[in-house]
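**Student:** Before we start, here is the structure in question, set down as structure tokens.
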Amino acid sequence: MSKKGLGKGLGALIPIIDEKDEKDIQEIDIDEIKPNERQPRKAFDEEKIKELAFSIKEHGVLQPVILRKTKTGYELVAGERRWRAAKIAGIEKIPAIIKNLTDAEVMQIALIENLQREDLNPVEEAMAYKTLMEEFGMTQEELAGRIGKSRSHIANTVRLLNLEDEIKEMINQGKITAGHARALLSIDESRERIKIAKKIAEENFSVRGTEDLIKTYSSKAKEKRNNSKNQEINPAINHIEEQLKKALGTKVKIKGDERRGKIEIDFYSEDELERILEIILGS
């Protein structure tokens with residue numbers, strides 16, 4: 001049995017199939033096998049599974065699935081697509097290797113198998129990382145070393161979970177990419193984030209175009225806040241500021257209102273400070 005199909009990362013994580021395992025391949029009743037509840041991938045491409053089922057009818061299951069023993073039978077560790085396709089093909093028994101694995105190892109192997117086949121969407125990937133870190137106490141550095149991804153990739157992927165459910169569903173449906181979603185995270189206001197996400201999907205923005213769009217939005221939002229802030233300035237305070245500027249011959253800023261606040265007076269040299277003090281003290 002060739003190891004090639006499993007990929008380098010799985011073998012680096014844990015020796016999935018070695019020569020001893022190959023000798024211990026068993027034919028397991030397919031109905032005794034239950035799917036892994038921690039399977040990172042939530043959506044399966046039914047058409048591709050049907051295509052695989054057709055191949056299995058013609059050639060059989062060429063690569064064993066990985067299982068672990070449970071009280072009621074067996075739990076899938078790797079190979080759920082093969083198991084699903086074999087059921088559709090009407091196969092009664094499937095070649096399998098039984099491994100003694102911890103919950104954390106099962107989760108890691110399931111995650112790596114999907115990542116290597118690019119079967120996970122970014123939200124599923126983020127959820128898997130979060131589970132490994134929160135439930136199994138792995139740090140981002142440890143996780144990065146185990147699955148062959150950079151720590152920054154893991155951190156940026158997990159951040160996607162901070163997005164609204166509506167936006168995460170758009171990612172799941174392929175309407176926007178992880179690159180679009182990461183750009184959206186720079187917007188603080190939830191409603192605006194959803195509004196811009198819809199615009200990106202409807203008008204088919206590129207990631208670069210999305211970044212430019214958000215820069216424009218942020219600039220306009222800042223200008224709007226500044227205008228709003230200026231409009232809130234008390235005219236009486238503004239008038240006093242102007243009088244002080246003329247009297248002192250320098251920039252003056254009053255923060256607060258008529259009841260409480262502070263006055264900031266700018267000076268740019270020791271001589272100017274003495275001049276301002278002379279005006280204030282009447283010397």
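Every read-out reported here was derived from the displayed coordinates using simple, explicitly stated rules and does not represent laboratory data. For clarity, every value in this text was computed on a predicted model and none was experimentally measured. When we count neighbours, we look across all protein chains shown, and the Cβ atoms used for this are built from the backbone with ideal geometry, even at glycine.
**Student:** Decide, for region 113-219, between rounded, prolate and oblate: order the square roots of the alpha carbon gyration tensor eigenvalues as a ≥ b ≥ c, take rounded if a/c falls under 1.5, and otherwise choose prolate if a/b is larger than b/c, else oblate.
**Tutor:** prolate
**Student:** Quick check on my link table: of K48/K93; K50/K168; K48/K71, which ones sit more than 24 Å apart, alpha carbon to alpha carbon?
**Tutor:** With Cα atoms farther than 24 Å apart: K50/K168; K48/K71.
**Student:** Run a plain Debye calculation on region 233-281 (Cα atoms as equal point scatterers, no solvent) and give log10 I(q)/I(0) at q = 0.22, 0.30 Å⁻¹, rounded to two decimals, same order as the q list.
**Tutor:** At q = 0.22, 0.30 Å⁻¹ the computed log10 ratios are -0.78, -1.14.
**Student:** So, one more: What is the sum of charges, Lys and Arg at +1 and Asp and Glu at -1, for the other residues whose Cβ falls under 15 Å from the Cβ of G137?
**Tutor:** -4
**Student:** While we're looking at this one, here's another question. Could you work out how far apart the two model spin labels at E51 and E211 are, taking each label as a point 7 Å from the Cα in the direction of the beta carbon, and quote it in nm?
**Tutor:** Computed distance between label sites E51 and E211 equals 3.4 nm.
**Student:** What full-extension length gain, to one decimal in nm, is calculated for E27 and N100 as 0.36 nm per residue of separation minus the Cα-Cα distance?
**Tutor:** Between E27 and N100, full extension yields an extra 24.5 nm.
**Student:** Additional query: Placing +1 on the Cβ of each Lys and Arg and -1 on the Cβ of each Asp and Glu in region 163-230, which of M170, G209, H180 has its Cα farthest towards the positive end of the resulting dipole?
**Tutor:** Checking the options against the dipole of region 163-230, the answer is G209.
**Student:** Length gain on complete extension for the stretch S218 to E258, per 0.36 nm per residue less the alpha carbon to alpha carbon distance?
**Tutor:** Stretched fully, the S218-E258 segment lengthens by 11.1 nm.
**Student:** Are there any trypsin sites (Lys or Arg not before Pro) in region 44-121 that are in a DSSP loop and have at most 15 other Cβ atoms within 10 Å? List them by number.
**Tutor:** In loop regions of region 44-121 (DSSP not H, G, I, E or B), the sparsely surrounded trypsin sites (Lys or Arg not before Pro) are K71, R117.
**Student:** How would you classify region 26-160 from its alpha-carbon gyration tensor, with a ≥ b ≥ c the square roots of the eigenvalues: rounded for a/c under 1.5, else prolate if a/b is greater than b/c, otherwise oblate?
**Tutor:** prolate
**Student:** Roughly speaking, what is the stretch gain from T250 to K199, that is 0.36 nm per residue apart minus the C-alpha to C-alpha distance, in nm to one decimal?
**Tutor:** The T250-K199 span can extend by a further 13.6 nm.
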